[in-house]
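Undergrad: Structure in structure tokens, see below.
All of the numbers you see were taken from the coordinates with simple rules; none came from a lab. Since we're looking at a predicted model, the values are computed, not measured. Note: ideal-geometry Cβ built from the backbone for every residue, glycine included; neighbour counts use all protein chains shown.
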């Protein structure tokens, strides 16, 4: 079951696109410095390259922090499960219109091949490039701590890894087209939303809970002692307050005028005997002392073989402020 | 519907926010770089030392001692020394007088070496040719090896202190001016009016220094390439320091002088790293807005980037082939050929020359110490002889890259003894080459004058001499840009004992890298073609 899901967080997208722009720019300026073409001019290329490299290092420090704080680093733990299937998919299955062998979820964003490649990128390629780059900079800006005698080897490694980066970018961009539709993956990385697999049961639960929370019918729950345990926003609105504390933990009797108490007690008695009530029109006492009318439903909450409380919905009949 | 609209608006704003967040650092970076790239923008040059203010000296025309009619230049010197009675001692310490300095040879001996006895690859050496060469000595009468360097009255005060531009030493007069009207190479020489000159003396001007230093090697700009007569009157395009529309400086503004010892000895002659002057005498150590340029100064001298070319007005001599000298016209007169610019390209007395204008310097590592060919040193006729190898390399941390003029010449050597000969060129005697065009006689006489034996067999050996370029500093906007060195065909393409980004690469790894990129491109292309084809196949079969 697929559902449109918010899969890439704001920071993640910012990090991805910043890093993409920085790497492309570092390639552009770097290969100009390497003498492959003239574009910005050598001096500007050097200044921009050094600036962009510092920006990239800062960004990566933030990204590392983010990965550990959010636990997203677990996404990169390599796995051998389905790795053959994934490779086989790219080599043959994709041409036959076969389904993806692995499913993208919020918890497993990457397929086994992606995990391996990204992990290699993060633990080998990036560090190699950053370290050689920093050594190169310390050659330019000598200090007492690091003194580099000669930078030939460093420069050669730095250049070679840059070639690997280009190869990665080519493959990476191409593989974005292997999603649902050619642009699906790129769109997801821009907006954060993608249609991914979800667990139907889990989805149902979360969705119902959300439905009650967002409903414009008021929801309430009492315990067996007639104490209010939960209400939703719509309920509070009908009672003319936005502070749940005014009601939570209080006896339900405070929601009625003295003249209505008998009716309320009658409903509670009915429900605690195991009956349900619905469509009953009642008059409530709002928080500010005014009165309003609504219809209510009430049904017992059963835990095992005993009744532990009562819950239901109320639909407003008199709120003059409606519809908003 | 309302809800959907809100959601898509929110998503729009979030994507816009993402876009803005991505863009912001680049805008900041753009302003940072724009503000750092001040190269071509006018900005004050920061000096750590200002040019000195000229002091008005006493009025020498008031001194009764200088009212006399002087018969000889020595009498003028005596008059000078009457008041400046310790000055002779100062002057006699200087290399302007001694033409000699201490030099440590390869085997560690300290010898006296200087213009007096060193060889160059222009007119070779002064021994036995003194009267011609010593017209640029600050003395009178150094006509042979018998000159007395302790005789104070032989000091020529006027050549440096004349302010009237009427005092001239005769080119072959052993340092003396003429006593009657004479002509040399089309130029007229008049006996000086010593009284007038003595009454108007002053601090040396460009004209005084230039009288010798601009014409070294026998003509304007022949030797150095970066100092020439035109520096008396140039625009800042030629020399920002000396130009009248530039800093308007004269030689002694940089070559500051104490007790007649003039600072700034040239590397081509002076072998020890002492008494040098450089840009940092006046300019701060970090003059650039771009810090990376400042860092270059650890290994690159200012001159390297700021003197993109030399000999900007008159040509300088680049090569000299002595082996062709001595050809005469059938009537026995001398052959003289000139190029379209009027530069002599062949002369019977000297051989073939080449000249060049607006010359790109060559570049060398230099740590301040120059070696020299010393008379009697062995030569290898199969190799080009370097007359003054500049010490230095990338590995030597004290070395910096400097611009140089390299003068290449074929010069005479003793084939059997395998050493250079200092030929006897000038003179009216029976052996001088410029009179009789006989290399054997000239070699024998010259060798004897230097205490060496001549085997009787001479030949010509290729040699080069290195002249560091320090003058004709260009305006800021003409200084070298990065790419002129950081390029495989750049100016430093010969100086390859180190990795230079933009110039150097590991050819094999570069090829492998490009191979990997090509492979991934090919792979991606093939993969996508199969995908497209198989997809259309599938939709057809459906």
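Undergrad: Mind checking the angle between helix B:2-36 and chain B's longest principal axis? C-alpha axes, 0 to 90 degrees, to the nearest 10.
TA: So the helix axis and the longest Cα principal axis differ by about 10 degrees.
Undergrad: If packing is taken as the average count of other Cβ atoms within 10 Å, what order do B:176-182, A:79-85 fall into, highest mean first?
TA: Working: B:176-182: 15.3, A:79-85: 12.6.
Output ranking for B:176-182, A:79-85: B:176-182, A:79-85.
Undergrad: Where a ≥ b ≥ c are the square roots of the eigenvalues of the C-alpha gyration tensor, would you call segment B:344-427 rounded, which needs a/c under 1.5, or, failing that, prolate if a/b is larger than b/c, or oblate? Provide the component values of the computation, followed by the final result.
TA: Numbers: a/c = 2.70, a/b = 1.35, b/c = 2.00.
Oblate, because a/c is 1.5 or more while a/b does not exceed b/c.
Undergrad: Under a plain spin-label model, where a point goes 7 Å from the Cα along Cα-to-Cβ, how far apart in nm are residue A:303 and residue B:533?
TA: 6.8 nm
Undergrad: So for segment A:2-198, averaging the separation of alpha carbon pairs under 8 Å that are six or more residues apart and normalising by length, what relative contact order in percent results? Please report the intermediate quantities before stating the final value.
TA: Numbers: 166 pairs, mean separation 62.1, N = 197.
About 32 percent, as a whole number.
Undergrad: Dividing the alpha-carbon Rg of chain A by 2.2 N^0.38 Å yields what? If you can, show how the numbers build up before the last one.
TA: Numbers: Rg = 31.1 Å, N = 324, 2.2 N^0.38 = 19.8 Å.
Normalised by 2.2 N^0.38 Å, the Cα Rg of chain A equals 1.57.
Undergrad: Same structure, new question: Using the count of nearby Cβ atoms within 10 Å as a rough guide to exposure, how do B:374, A:58 rank from fewest to most?
TA: Details: B:374 17, A:58 12.
If I rank by nearby Cβ atoms, fewest first, I get A:58, B:374.
Undergrad: When Cβ neighbours within 10 Å are restricted to other protein chains, what is their mean count per residue of peptide B:389-401? Before the final figure, lay out each step's value.
TA: Values: counts 0, 0, 0, 0, 0, 2, 2, 0, 1, 0, 0, 0, 0.
Averaged over the peptide's residues, the number is 0.
Undergrad: Which length gain, in nm to one decimal place, applies between residue A:92 and residue A:244 when the Cα-Cα distance is subtracted from 0.36 nm times their residue separation?
TA: Values: separation 152, 0.36 × 152 = 54.72 nm, distance 5.88 nm.
Additional length available on full extension: 48.8 nm.
Undergrad: In addition: Sort A:268-280, A:224-236 for me by packing, meaning the mean count of neighbouring Cβ atoms within 10 Å per residue, highest on top.
TA: Details: A:268-280: 13.5, A:224-236: 17.2.
Packing order, densest peptide first, comes out as A:224-236, A:268-280.
Undergrad: How crowded by other chains is A:39-52, given as the mean number of beta carbons from other chains within 10 Å of each beta carbon?
TA: Details: counts 0, 1, 4, 9, 11, 5, 4, 6, 9, 5, 0, 3, 8, 3.
For peptide A:39-52, the averaged partner shielding equals 5.
Undergrad: Sum -39500 (n - 2.57) across every DSSP H segment of at least 4 residues in chain B, then divide by the residue count to get the 222 nm mean residue ellipticity, nearest 500.
TA: Values: 14 runs with 144 residues, N = 542.
After summing the helix terms and dividing by residue count, I get -8000 deg cm²/dmol.
Undergrad: Please work out how much length the chain gains when fully extended from residue A:270 to residue A:125, using 0.36 nm per residue of separation minus the C-alpha to C-alpha distance, in nm with one decimal.
TA: Working: separation 145, 0.36 × 145 = 52.20 nm, distance 7.09 nm.
Extra length from residue A:270 to residue A:125 when fully extended: 45.1 nm.
Undergrad: Related question: At 222 nm, what value in deg cm²/dmol follows for chain A if DSSP H runs of at least 4 each add -39500 (n - 2.57) and the sum is divided by all its residues, to the nearest 500? Please list the in-between numbers first.
TA: Values: 10 runs with 148 residues, N = 324.
Mean residue ellipticity at 222 nm (helix-derived): -15000 deg cm²/dmol.
Undergrad: Going 7 Å from the Cα of residue B:345 in the Cα-to-Cβ direction, what parts of segment B:288-326 have a backbone nitrogen less than 17 Å from that spot?
TA: B:315-322, B:324-325
Undergrad: Can you give the extra length, in nm with one decimal, that the chain gains between residue B:522 and residue B:393 once fully stretched, where that is 0.36 nm per residue apart less the Cα-Cα distance?
TA: Value of the extension gain: 41.9 nm.
Undergrad: Turning to a different aspect of this structure: How far is helix A:152-175 tilted off the main Cα axis of chain A, in degrees rounded to 10, range 0 to 90?
TA: Between the helix axis and the principal axis of chain A, the angle is about 40 degrees.
Undergrad: In addition: Calculated FRET efficiency, residue B:294 and residue A:207, Cβ-Cβ r, R0 51 Å, to nearest 0.05? Don't skip to the answer; put the middle values down first.
TA: Working: r = 64 Å, r/R0 = 1.26.
Efficiency, rounded to the nearest 0.05: 0.20.
Undergrad: Quick one: if the Förster radius is 56 Å, what FRET efficiency do residue B:498 and residue A:216 give, using the C-beta to C-beta distance and rounding to 0.05?
TA: Details: r = 76 Å, r/R0 = 1.36.
The formula returns an efficiency of 0.15 here.
Undergrad: Restricting to Cα pairs below 8 Å that are 6+ residues apart, what does the relative contact order work out to for chain B? Please round to a whole percent.
TA: Values: 943 pairs, mean separation 72.7, N = 542.
Rounded, it is 13 percent for chain B.
Undergrad: Where does each of B:324-331, B:293-300 land if you order them by average Cβ count within 10 Å, highest first? Intermediate results must be reported in sequence, preceding the final value.
TA: Details: B:324-331: 12.9, B:293-300: 16.1.
For the peptides B:324-331, B:293-300, the packing ranking is B:293-300, B:324-331.
Undergrad: Same structure, new question: Does segment A:215-316 classify as rounded, prolate or oblate by the C-alpha gyration tensor (a ≥ b ≥ c root eigenvalues; a/c under 1.5 gives rounded; else a/b over b/c gives prolate, otherwise oblate)? Present the calculation step by step, with values, prior to reporting the outcome.
TA: Details: a/c = 1.59, a/b = 1.40, b/c = 1.13.
Because a/c hits 1.5 or more and a/b exceeds b/c, segment A:215-316 counts as prolate.
Undergrad: For helix B:507-541, report the angle its Cα long axis makes with the longest principal axis of the Cα atoms of chain B; keep it between 0 and 90° and round to the nearest 10°.
TA: 20 degrees
Undergrad: Over segment B:238-322, what is the relative contact order in percent, taking alpha-carbon pairs closer than 8 angstrom and at least six residues apart? If you can, show how the numbers build up before the last one.
TA: Values: 38 pairs, mean separation 13.8, N = 85.
This gives 16 percent for segment B:238-322.
Undergrad: Hey, another quick one. Provide Rg over Rh for the protein assembly as shown; use the alpha carbon set for both Rg and the Kirkwood Rh (inverse mean inverse pair distance). Present the calculation step by step, with values, prior to reporting the outcome.
TA: On the way: Rg = 45.9 Å, Rh = 36.2 Å.
When Rh is taken as the Kirkwood radius, the ratio is 1.27.
Undergrad: Modelled label-to-label distance, residue B:75 and residue A:172, 7 Å Cα→beta-carbon offset: nm?
TA: The answer from the label model is 9.2 nm.
Undergrad: Per-residue mean of other chain beta-carbon atoms within 10 angstrom of the beta-carbon, peptide A:169-179? Numbers along the way, then the final one.
TA: Numbers: counts 2, 8, 5, 1, 1, 7, 2, 0, 4, 3, 0.
Rounded to a whole number, the mean comes out at 3.
Undergrad: Now for a different question. Going by a ≥ b ≥ c, the root eigenvalues of the Cα gyration tensor, does chain B fall in the rounded group (a/c under 1.5), the prolate group (a/b larger than b/c) or the oblate group? Write down the numbers at each step before the final one.
TA: Working: a/c = 2.93, a/b = 1.81, b/c = 1.61.
Here chain B falls in the prolate category.
Undergrad: Using r as the Cβ-Cβ distance of residue B:512 and residue B:16, and R0 as 30 Å, what FRET efficiency do you calculate, to the nearest 0.05? Can you show the working numbers first?
TA: Working: r = 43 Å, r/R0 = 1.43.
Rounded to the nearest 0.05, the efficiency is 0.10.
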